[in-house]
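What follows is a short report on a single structure.
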Amino acid sequence: MRRQLVPALVVFLALTVLTGVAYPLAVTGIAQVAFPGQADGSLIERDGEIVGSRLVGQAFSGLRYFHPRPSAAGEGYDAMASGPSNLGPTNEELLAAVRQRRIDYRRDNGLTASVQVPVDAVTASGSGLDPHISLANARLQAPRVARARGVSLDRVLALIDEHTEGRALGFLGEPGVNVLRLNLVLDGEQP
């Protein structure tokens, strides 16, 4: 038994060191050299302080800010609780939440009942942490943000256009606006 146990333990320890220590360190080292920003979490700094990541959404409220998609992640944009709500399209709880979000969105943005509310304004993403909103969503929020900040609507729309990110790989998904980056640019603007 000892003759079989010792080699098994040696192989176990060798593979543990190789796959649990050496490989992760090598991948991390290569990523730090080749993609330093992404390897560090695509963090966004302002005045030397980290304010977020361009890959993880965060909650914004108030009339001065563009609002993100609703989040199904915990109490809102909780990365530890990332995931969808798992409520199906016929679930009454989900339907009631979407109806209420539509009412709130129209009220907050001064929209009439005839205005189509973008789906991303009333539904959470699969991860619950999506940092982007659609162009339609951003443009419907623009008048509210412009009024609250005392900035011209044309300026806010121009900033939306400047900060619109294209489709992934040029053909996947739809163009979107990163809410954190747009709000940071607006905070830096002088009315």
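The values are calculated or read from the model by the stated rules, or taken from the named source; none is laboratory data. All values reported here derive from a predicted model rather than from experimental measurement. Note: ideal-geometry Cβ built from the backbone for every residue, glycine included; neighbour counts use all protein chains shown. These area figures cover heavy atoms from the full protein model, side chains too; ligands, DNA and RNA do not enter into them. Shrake-Rupley method; radii C 1.70, N 1.55, O 1.52, S 1.80 Å.
Some notes on this structure:
- Loop sites here are GluC sites (Glu not before Pro) outside DSSP states H, G, I, E and B with no more than 15 other Cβ atoms within 10 Å. The longest part of the chain free of them is 76-188.
- Accessible carbon and sulfur surface of the chain relative to its total accessible area, %, 1.4 Å: 61
- Note on Glu45 and Glu162: the extension gain reaches 40.2 nm, defined as 0.36 nm multiplied by sequence separation minus the Cα-Cα distance.
- Distance between the C-alpha centres of region 2-31 and region 160-188: 43 Å, rounded to the whole angstrom.
- For q = 0.15, 0.17, 0.20, 0.28 Å⁻¹, Debye-computed log10 I/I(0) when each Cα of region 73-116 counts as one equal scatterer: -0.53, -0.65, -0.80, -0.94
- Overall form of region 31-91: oblate. Here a/c, set by the Cα gyration tensor axes a ≥ b ≥ c, is 1.5 or more, and a/b is not larger than b/c.
- Radius of gyration and Dmax over the Cα atoms of region 132-191, both given in Å: 11.8, 37
- Taking all protein chains into account, the per residue accessible area for region 1-67 stands at 79 Å² (1.4 Å probe).
- Of the residues Gly62, Gly170, Gly126, the one that moves most in a GNM of the chain with alpha-carbon contacts below 10 Å is Gly170.
- Diagonalising the gyration tensor over the Cα atoms of region 81-178 and scaling each eigenvalue by 5 before taking the square root yields semi-axes of 25, 20, 11 Å, largest first.
- Accessible area (Å², per residue) of region 68-191, counting only protein heavy atoms and a probe of 1.4 Å: 54
- Residue-count net charge about His132 - beta-carbon cut-off 13 Å; Lys, Arg +1, Asp, Glu -1: 0
- Debye log10 I(q)/I(0) at q = 0.15, 0.24 Å⁻¹ for region 39-136, Cα point scatterers: -0.67, -1.37
- Electrostatic dipole magnitude of region 1-146 [Cβ: Lys, Arg +1; Asp, Glu -1; Cα centre; debye, to 20]: 240
- Projected area, mean over directions - region 1-47, Cα convex hull, nm²: 4.4
- In a reduced charge model with +1 at each Lys and Arg Cβ and -1 at each Asp and Glu Cβ, region 1-81 shows a dipole moment near 420 debye about its Cα centre.
- Selection from Gly20, Leu182, Val6, by position along the positive dipole direction of the chain (Cβ): Val6
- Across all directions, the average flat footprint of the convex hull enclosing the Cα atoms of the chain is 17.0 nm².
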